[in-house]
Amino acid sequence: MFPSVSASLGFTRAAAVLSLAVALTARPARCAQRCRSPLSNLSANCWAHLQPVNMFNSYNVKFYHSKALTSPYPGSHVERSQVPKDKVGWLVEWKDYNPVEYTAMSVLAGPSWADPQINDKGFSPKFNERDGEVERKSLNGLYVVENGRPRNPAGRTGLTGRGLLGRWGPNHAADPVVTRWKRDGSGNKIAHPVTGKNILQFVAIKRRDCGEWAIPGGMVDPGEKISATLKREFGEEALNSLQKSPEERAELEKQLHRLFSQEHFVVYRGYVDDPRNTDNAWMETEAVNYHDETGETMDNLPLEAGDDAGVVKWVDISEKLKLYASHSYFIKLVTEKWGAHWSEDPGPECCE
C-alpha cells in the first residue's frame, strides 16, 4: 500500500520542521542559543538562518536521530539495526533496510494503556484522527501510514513494532517545567559569576527505569486535557501525591491549583528524540513552564519522590545538564525565555 499524496506532503513538511528541533538537541547551534523564544516564535531573521531556504523539501534537510538510534533498546537486550545518518530519512532509498521487530511483553500483555496488535481482529485504528478517546493526531501534522502501520515522521530507527510504547503512531506526553530563581540565605537572586545572569532552578526527578535526570512528566490519559496531565504528573512524581492521606492530598491540590493556574508558557510541542521510539511508534510532548517568581508557592510544596521517580530535587540550570531524551533542549528554551544563565560561552547574537 502506497501512502497518499496528502500524507506524503504532510510528512515532508513535518520532517523539515522536526529536523530543526532534534538537530539542535543533539548538537546545540550557537545561532539557536541566541534566539530568545521557543521555536514556534523565532524571529524571522533567526528562523531564516536556522532553516534551509526551501525548508519543506526533505531532500535538503539534514535530520539526525540521536537517542532514538541507541542500543540496546531500553529494558531489553535487543539491538537495533544500524542506521547510517545519511539513511535516516525515508526519502533516501534503502532497499536493503531490514529493521528488527520488537514489542515488549508488557505491551503485548494488553494493558489498558496499550493498543492491540495491528492485525488483531476488531482493531481498526483511525490514524491521523481523534479515535474515540485516543488522540492519534500528531502535533507535527500528517504522518504516513504504510501497510497499515504508522511511519515515524522523523525517519528510520532500526526497529519496528512498538517497543515499550503502548500506541501505534504518536504517544502523547506532557512535561511540566517548574522553575524558580536560585536565592541566597537573604532571599536575593544569585547571579552566575561569569555571565552575570541570574541562575534558574527547576524541579528534576531521577527516573527509576534508566537512572537519568528528567522533567517530571508522563503520558496523557485517553480523553484527558493536557493541563490536567501536567498537574497530575507533577503531583505524582515530585510530591508523591498518591501516597498522601485524603486530607494531605486535598491540601496539595489547593497549592497545585495555585501554581498551575498562574500564567505559563508552552516551551515546546512536537516530536521527541526518545530512546523508546521505533519506526511505528514515537513520543510527542507538550512541555510547559510554570515559573514561581517569588518562590513562595513552592515553599509550601515540599518535594518528595513518588511514582516513577527515584529522587526529586531542585537543580541549577546550565548547559552542563545531561537529561533524559530531549529535556535539556526544553530547559534551554526556558532560560532563553527568562534571560537566565545557560552557557559561559555567549556565542554570536545570531548567525550572519
* Whose amide H sits under 5 Å from the amide H of Leu323, counting only residues 5 or more places off or on another chain, with H placed in the peptide plane? -> Ser328
* **the range 173-338 - percent relative contact order, Cα under 8 Å, separation 6 or more** => 32
* Asked: Order of Ser124, Ser106, Ser328 from fewest to most other C-beta atoms within 10 Å?
  -> Ser124, Ser106, Ser328
* Sorted from fewest to most neighbouring beta carbons within 10 Å, what does the list Ile331, Ile215 look like? -> Ile331, Ile215
* Asked: Can you run phi through the Karplus equation (6.51, -1.76, 1.60; θ = phi - 60°) for the range 326-340 and list ³J(HN,Hα) in whole Hz, with x for Gly and Pro?
  -> 9, 5, 4, 5, 4, 5, 4, 5, 5, 5, 5, 4, 9, x, 8
* With a/c under 1.5 counting as rounded, go ahead and sort the range 173-338 into rounded, prolate or oblate using the C-alpha gyration tensor (a ≥ b ≥ c being the square roots of the eigenvalues; past the cut-off, prolate if a/b is larger than b/c, else oblate). => oblate
* Structure fact -> Candidate cut points under GluC sites (Glu not before Pro) in the range 105-193, DSSP loop plus at most 11 other Cβ atoms within 10 Å of their own Cβ, are Glu129, Glu133
* Tabulate in residue order the Karplus-calculated ³J(HN,Hα) for the range 160-166, using 6.51 cos²θ - 1.76 cosθ + 1.60 with θ = phi - 60°, rounded to whole Hz; enter x for Gly and Pro. => 9, x, 10, x, 8, 8, x
* **Whole-percent pair-distance distribution, where bins are 5 Å wide, for the alpha carbons of the range 279-321** => 5, 12, 14, 22, 24, 12, 6, 3, 2
* **Long-range HN-HN contacts of Val220 with modeled amide H, under 5 Å** => His172, Ala173, Ala174
* Structure fact -> Footprinting proxy, Ser227, Ser138: sorted fewest to most Cβ within 10 Å, the residues are Ser227, Ser138
* Structure fact -> The simple spin-label model distance between Ser106 and Ser71, using points 7 Å out along Cα→Cβ, in nm, is 2.2
* Structure fact -> If amide H atoms are modeled at 1.01 Å from N in the peptide plane, then the residues at a separation of 5 or more from Thr103, or on another chain, having amide H under 5 Å from its own are Arg162, Gly163
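Computed from the coordinates by the stated procedures, all read-outs in this text should not be read as laboratory data. Values in this document were obtained by computation on a predicted structure and should not be read as measured data. As a convention, Cβ positions derive from the backbone with ideal geometry for all residues, glycine included, and neighbour counts pool all protein chains shown.
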